[in-house]
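This report concerns only the one structure given below.
No lab work stands behind these numbers, since they all come straight from the coordinates. Everything quoted here is computed from the prediction, not taken from an experiment. Quick reminder, even Gly has a Cβ in these numbers, built from the backbone with ideal geometry, and neighbours come from all protein chains shown.
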Amino acid sequence: MEREKAILVVDDIEINRMILAQIFGEEYQILEASDGRKAMEILNSRDDIMAVLLDLIMPNMNGLEVLQELNESGRIAKLPVFLITAAESQEMLMEGYELGALDIIRKPFIPQFLKHRINNVVELYRHRNELQEVVAEQVERLSRLNRAMIETLATAIEFRDCESGEHVKRICGLTRVLMTKVSDMFAEYHLPKSQIDKIVTASILHDVGKISIPDAILNKPGRLTDDEFEIMKQHTVKGCELLQNIPNSMDEDIYNYSYDICRHHHERWDGRGYPDGLAGDQISIWAQVVAVADVYDALTSERVYKKAFSHEKAVEMISNGECGTFNPKIIEAFLAVINR
């Protein structure tokens with residue numbers, strides 16, 4: 001019957017592999033490699049290896065090169081590596097430690113001492129890896145709950161504004177494409193994918209404040225009066241007031257992005273937006289991106305008060321400033337991806 005745990009012994013001297021196999025053979029399946037290249041083939045083909053006993057001086061691929069690959073792939077964080085050494089230079093040992101080696105096994109081997117050290121570390125790493133998996137599962141569960149709660153809030157708008165249900169779905173797609181392009185094109189606006197994912201989720205709530213707007217204004221078929229428009233503009237502030245009641249129920253980053261986007265997705269680059277009259281990069285890049293996505297979708301969708309514009313006409317109106325002034329860099333990214 002195959003053992004559940006395995007140890008990989010990597011050494012070009014056969015007698016060393018035999019001795020280590022004898023020491024650990026009763027508790028582990030012993031895998032052997034005579035050089036670093038064969039070791040990497042084994043490591044890349046199995047996920048049950050609990051520890052690596054690694055010689056430094058070997059043909060084809062030495063121990064430091066193996067450590068370098070494990071380091072670059074991130075596997076060194078979950079796999080304890082012990083360096084097998086007799087009298088290698090201190091410089092090599094220090095480089096091994098810097099690349100993630102956990103400890104040194106010195107020759108000649110002392111069986112009982114060695115077994116206790118390796119077993120203790122293997123157990124420690126096993127418990128730590130299991131704990132990390134549990135934490136990752138909990139984070140994923142909370143992420144799903146956050147998304148479900150946010151989508152429920154957005155759906156509430158659909159009962160008030162018949163276009164908003166599909167509108168928020170399109171905004172998510174537009175925000176992802178545009179935010180990713182802006183991040184790739186301009187170093188000052190670069191964000192990791194994990195943050196872009198959260199911005200996309202937060203964009204769902206950009207119009208949540210419309211819940212507070214009277215039906216007569218929200219679904220008015222004609223042009224709003226000045227007084228009605230002032231009431232409509234309050235959806236940015238009212239949305240933030242609603243969000244203030246749920247911060248502890250939402251991922252902190254998503255909450256912060258949601259709040260900022262809700263309040264500022266009608267601000268404009270030249271300071272002529274609302275509610276705070278912010279200008280330039282006083283407006284967060286995510287609020288600026290959602291603003292462009294929001295305007296494009298509004299233009300190309302039929303509403304109670306207007307017919308839908310064509311894609312080409314909407315792009316022209318956004319580019320020439322008919323819908324307010326936007327960050328030129330966002331417009332550049334918008335033009336680069338909008339035909340997608």
**Asked** Can you work out ³J(HN,Hα) from phi for every residue in the range 33-49, in order, using Karplus 6.51 cos²θ - 1.76 cosθ + 1.60 and θ = phi - 60°, giving whole Hz and x for Gly and Pro?
**Response** 9, 9, 7, x, 5, 5, 4, 5, 4, 5, 4, 7, 9, 9, 10, 10, 7
**Prompt:** When only Cα pairs under 8 Å and 6 or more residues apart are kept, what is the percent relative contact order across the chain?
**Reply:** 11
**Prompt:** Ranking 73, 34 by Cβ neighbours within 10 Å, fewest first, what do you get?
**Reply:** 73, 34
**Complete:** Per 10 angstrom bin, beginning at 0 and ending with the bin that holds the maximum distance, the Cα pairs of the range 246-340 fall in percents of 16, 43, 32, 9, 0
**Request:** Using a 10 angstrom cutoff on alpha carbons, build the Gaussian network for the chain and name the most mobile of 106, 272, 263.
**Result:** 106
**Request:** Whole Å is fine, so just give me how far the alpha carbon centre of the range 72-131 lies from that of the range 251-315.
**Result:** 53
**Prompt:** For 253, 35, what ranking results if the residue with the fewest other Cβ atoms within 10 Å of its Cβ goes first?
**Reply:** 253, 35
**Prompt:** Hey, got the dipole for the range 143-337? About the Cα centre, +1 on K and R Cβ, -1 on D and E Cβ, debye to the nearest 20?
**Reply:** 360
**Burial ranking of peptide ranges 94-105, 52-63 (average Cβ count within 10 Å, highest at the top)** = 52-63, 94-105
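Taking the number of other C-beta atoms within 10 Å as the exposure measure, put 292, 177, 66, 337 in order starting with the fewest.
Numbers: 292 24, 177 18, 66 27, 337 15.
Least crowded to most crowded, the residues run 337, 177, 292, 66.
Give the relative contact order (percent, whole number) for the range 143-337; include only Cα pairs under 8 Å separated by 6+ residues.
So the answer I get is 22 percent.
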**Relative contact order [Cα under 8 Å, 6+ residues apart], the range 6-109, whole percent** = 25
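Which order do the peptides 202-215, 36-49 come out in when sorted by mean C-beta neighbours inside 10 angstrom, highest first? Write out the running numbers ahead of the final one.
Working: 202-215: 21.7, 36-49: 15.6.
Per-residue Cβ counts within 10 Å, averaged per peptide and sorted highest first, yield 202-215, 36-49.
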**Prompt:** Over the range 6-109, what per residue volume does the convex hull of the Cα atoms give, in whole Å³?
**Reply:** 87
**Message:** If I build a Gaussian network model for the chain, linking alpha-carbon pairs within less than 10 angstrom, which residue out of 72, 228, 267 has the largest mean-square fluctuation?
**Reply:** 72
**Request:** Output the pairs from 181/233; 181/329; 169/210; 5/78 with a Cα-Cα distance over 22 Å in this structure; if there are none, say none.
**Result:** 181/233
**Item:** Reachable lysines from residue 306, criterion Cα separation under 18 angstrom, eight or more residues apart if same chain
**Value:** 220
**Prompt:** Under unit Cβ charges (Lys, Arg +1; Asp, Glu -1), what dipole magnitude, rounded to 20 debye, does the range 10-148 have relative to its Cα centre?
**Reply:** 500
**Item:** Pairwise Cα inverse-distance average, inverted: Kirkwood Rh of the range 34-81 (Å)
**Value:** 10.7
**Message:** Quick check for me: using +1 on Lys/Arg Cβ and -1 on Asp/Glu Cβ, what's the dipole size of the chain about its Cα centre, in debye to the nearest 20?
**Reply:** 700
**Request:** Grab the alpha carbons of the chain, take their convex hull, and tell me the volume per residue in Å³.
**Result:** 184
**Request:** Pick out which of 234, 288, 68 has the largest mean-square fluctuation in a Gaussian network model of the chain, springs linking Cα atoms closer than 10 Å.
**Result:** 68
**Item:** Stokes-Einstein diffusion coefficient of the range 143-337, Kirkwood radius over Cα pairs, 4 °C, 1.567 mPa s, in µm²/s
**Value:** 77
